[in-house]
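**Student:** Would you mind keeping the following structure in view while I ask a few things?
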């Protein structure tokens, strides 16, 4: 059963036509499963990948490529730890959501899925659809990175290029879904609750890798909030199950020019405090300039913005926006340190210094930063 957090409507028979509430809000599974009381953390079978946490998930494993258990690596130059979410079959954390979403699709008997994406989510959905033997149609910006487009096309998915903004891509995809002009289940990384069930395993893995302790803070890039909101739900489920004692503070990083969450929280940087380097001061370099380098988080109207803001508030976290100059400098710095990731990842490390300067993250806090996508798709 699916429910709407906003208005309370319930959808008992949530078939392939139900993807959002009549009120317009996103839907979620009514209940979050928890393991039986006799299931202990020590019994996890890591050979099952992220599906080692299946007892917490509202879908059964049906489509998998062995995804999960991305490494935790010390990053002394940033005084934090990186979780290398770029090390997935398709090169981004979106595989967490794709394995759950396509497993749900198989459960429902879906034979065609539709998704809109700037690249990573589209490739993840197309790849797992191919694994499942399900047709896929992916709507993408016309100016999406060629490497990402080629990878999607190689899966056999139909690629629909849309001129305009990232929002225009979503609008075009939703229009197709709602018109019924083409059959297809909306396997959206922003709307589909199964996707967030998959990304919740980020938190579960992180806690397991730390012997069931959690850091003081977790920092992630923030577009639709699929990783941040999934992490919040994962930590909350672990706390409810009694596997961890606390939930870390969550921090999201957006791109200037596309920062609705940071704007709503009043934390978008002014002209004098764009973060530039984790080891240096901030400077005025045009914080209001649109940050198109961070193409993975160009979301001006996130589908679950209210839920993301609530997760930030409830954990004592925050969100800021990072400009193009800081992103490009951090991207280069990460590469020189051996982390070959896409520019969007660099927003998170760039913002870490700003969070520390503002005092919302202390210098001695235990911090984990998610590096979310590979740099090999450019």
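**Student:** Residues being within 18 Å of residue 312 (Cα to Cα), touching a strand residue (DSSP E or B) at 6+ places or on another chain (Cβ under 9 Å) and assigned to a loop (DSSP other than H, G, I, E, B): count how many of those fall in segment 322-361.
**Tutor:** Residues in segment 322-361 being within 18 Å of residue 312 (Cα to Cα), touching a strand residue (DSSP E or B) at 6+ places or on another chain (Cβ under 9 Å) and assigned to a loop (DSSP other than H, G, I, E, B): 3 in total.
**Student:** Among (1) surrounded by fewer than 17 Cβ atoms within 10 Å (Cβ to Cβ); (2) within 16 Å of residue 65 (Cβ to Cβ), there is one condition residue 127 misses while meeting the rest; what is its number?
**Tutor:** Just one mismatch for residue 127, condition (1).
**Student:** Would you confirm whether any residue within segment 168-186 is in a loop (DSSP other than H, G, I, E, B), at pLDDT below 95, within 21 Å of residue 303 (Cα to Cα) and touching a helix residue (DSSP H, G or I) at 6+ places or on another chain (Cβ under 7 Å)?
**Tutor:** yes
**Student:** Here's a follow-up. Where the second residue is part of a helix (DSSP H, G or I) and at pLDDT below 95 and the first is within 10 Å of residue 250 (Cα to Cα) and not assigned by TED's automatic domain parsing to the domain that holds residue 28 and lies in segment 301-323, which pairs have Cβ atoms under 7 Å and are six or more apart or on separate chains?
**Tutor:** Cβ pairs passing all conditions: 312/265; 318/265; 319/265.
**Student:** Could you please let me know if residue 102 is out of contact with any strand residue (DSSP E or B) (no Cβ under 6 Å at 6 or more places or on another chain), part of a helix (DSSP H, G or I), touching a residue at least 60 places away in the same chain (Cβ under 8 Å) and in the same structural domain as residue 18 (by TED's automatic domain parsing)? Give the derivation first.
**Tutor:** Values: out of contact with any strand residue (DSSP E or B) (no Cβ under 6 Å at 6 or more places or on another chain): yes; part of a helix (DSSP H, G or I): yes; touching a residue at least 60 places away in the same chain (Cβ under 8 Å): yes; in the same structural domain as residue 18 (by TED's automatic domain parsing): no.
No; evaluated as a whole, the condition is false for this residue.
**Student:** Of everything in segment 85-99 that's outside any loop (DSSP other than H, G, I, E, B) and under 13 Å from the mean Cα position of the chain (by Cα), which residue is nearest to residue 333 (Cα to Cα)?
**Tutor:** 92
**Student:** With respect to residue 65, is the statement that it is under 26 Å from residue 1 (Cβ atoms) and surrounded by 14 or more Cβ atoms within 10 Å (Cβ to Cβ) true?
**Tutor:** So residue 65 does not fit the description; no.
**Student:** Separate question: Of all residues in segment 25-46, count the ones that are within 25 Å of the chain's Cα centre (by Cα), in contact (Cβ under 8 Å) with a residue 12 or more places away in the chain and part of a loop (DSSP other than H, G, I, E, B).
**Tutor:** 9
**Student:** Considering only residues of segment 201-222 that are more than 15 Å from the chain's Cα centre (by Cα) and more than 20 Å from residue 33 (Cβ to Cβ), which is surrounded by the fewest Cβ atoms within 10 Å (Cβ to Cβ)?
**Tutor:** 211
**Student:** I've got another one for you. Does segment 303-317 hold any residues that are crowded, with 20+ Cβ neighbours inside 10 Å and farther than 9 Å from residue 261 by Cα, and which are they?
**Tutor:** 303, 304, 307, 311, 312, 315, 317
**Student:** Restricting to segment 362-378, name every residue that is out of contact with any strand residue (DSSP E or B) (no Cβ under 8 Å at 6 or more places or on another chain) and modelled with pLDDT under 95. Full working, then the answer.
**Tutor:** We begin by selecting, within segment 362-378, every residue out of contact with any strand residue (DSSP E or B) (no Cβ under 8 Å at 6 or more places or on another chain); these are 362-364, 376-378.
Matches in segment 362-378: 363, 376, 377, 378.
The values are calculated or read from the model by the stated rules, or taken from the named source; none is laboratory data. Please read all numbers here as calculations on a predicted model, not as lab measurements. All Cβ positions, glycine included, derive from the backbone under ideal geometry; neighbour counts span all protein chains shown.
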